[in-house]
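Each remark here refers to the structure printed beneath this line.
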Amino acid sequence: GIKILSIEEQTGKFSDIAYAEYRVTLPKADPALCEELKEALAGEVIVKKKNKKGKWVEKDISEGIFKICFAEDQGGIGIYACLSASGETYLKPETVLEALAEKLPAFDCSEKRVLRIKVLRSDLTPF
């Protein structure tokens with residue numbers, strides 16, 4: 001089921017949203033890969049995505065990653081990520097995981113739990 005932690009009145013427009021913070025838990029991933037995962041995201045991170053016309057294009061998702069941290073978590077890997085949540089640079093955590101799995105075949109992200117912690121404005125204040 002769903003547990004509602006709090007309800008707040010919306011004070012801005014959805015277009016004010018710039019980032020979303022996520023907590024990703026990967027119980028089957030090897031914690032020894034944390035440093036390699038960090039290195040895999042250095043520089044360009046190219047993924048293949050379908051554009052609005054349905055054609056496959058290559059896109060660099062690194063501009064959509066504001067902050068990301070990896071750590072051992074109960075025998076697996078825990079990830080904290082602050083990703084773009086606006087317009088053309090919108091980035092889902094699953095897309096980042098797929099890109100990492102492509103770069104590091106030993107990275108097991110088959111079982112995952114993704115939790116969006118909060119959404120933020122461009123000045124990093126909560127929405």
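Has region 105-117 got at least one residue that is farther than 29 Å from K3 by Cβ, within 13 Å of the chain's Cα centre (by Cα) and open to solvent by less than 80 Å² (accessible area, probe 1.4 Å)?
To start, the set of residues in region 105-117 that are farther than 29 Å from K3 by Cβ comprises 105-107.
In the following step, the residues that additionally are within 13 Å of the chain's Cα centre (by Cα) were identified as none.
The answer is no, given that none of the residues of region 105-117 is farther than 29 Å from K3 by Cβ, within 13 Å of the chain's Cα centre (by Cα) and open to solvent by less than 80 Å² (accessible area, probe 1.4 Å).
Consider region 50-87 and keep the residues that are touching a residue at least 40 places away in the same chain (Cβ under 8 Å) and of a type in the set (D, E, K, R). The one that is surrounded by the fewest Cβ atoms within 10 Å (Cβ to Cβ) is E72. Determine whether L91 is assigned to a loop (DSSP other than H, G, I, E, B) and under 12 Å from the mean Cα position of the chain (by Cα). For L91, the condition - assigned to a loop (DSSP other than H, G, I, E, B) and under 12 Å from the mean Cα position of the chain (by Cα) - is met. Once region 6-38 is narrowed to residues that are within 16 Å of the chain's Cα centre (by Cα) and open to solvent by 70 Å² or more (accessible area, probe 1.4 Å), the residue that is farthest from F127 (Cα to Cα) is K38.
Checked against the criterion of being part of a loop (DSSP other than H, G, I, E, B), more than 30 Å from G75 (Cβ to Cβ) and not hydroxyl-bearing (S, T, Y), the candidates K48, K52, K3 yield just one match: K52.
The values are calculated or read from the model by the stated rules, or taken from the named source; none is laboratory data. Keep in mind that what you see is a predicted model, and the values were worked out from it rather than measured. We place every Cβ from the backbone using ideal geometry, glycine too, and count neighbours over all the protein chains shown. In case anyone asks, the SASA skips ligands and DNA or RNA and just uses the protein heavy atoms, side chains included. Shrake-Rupley method; radii C 1.70, N 1.55, O 1.52, S 1.80 Å.
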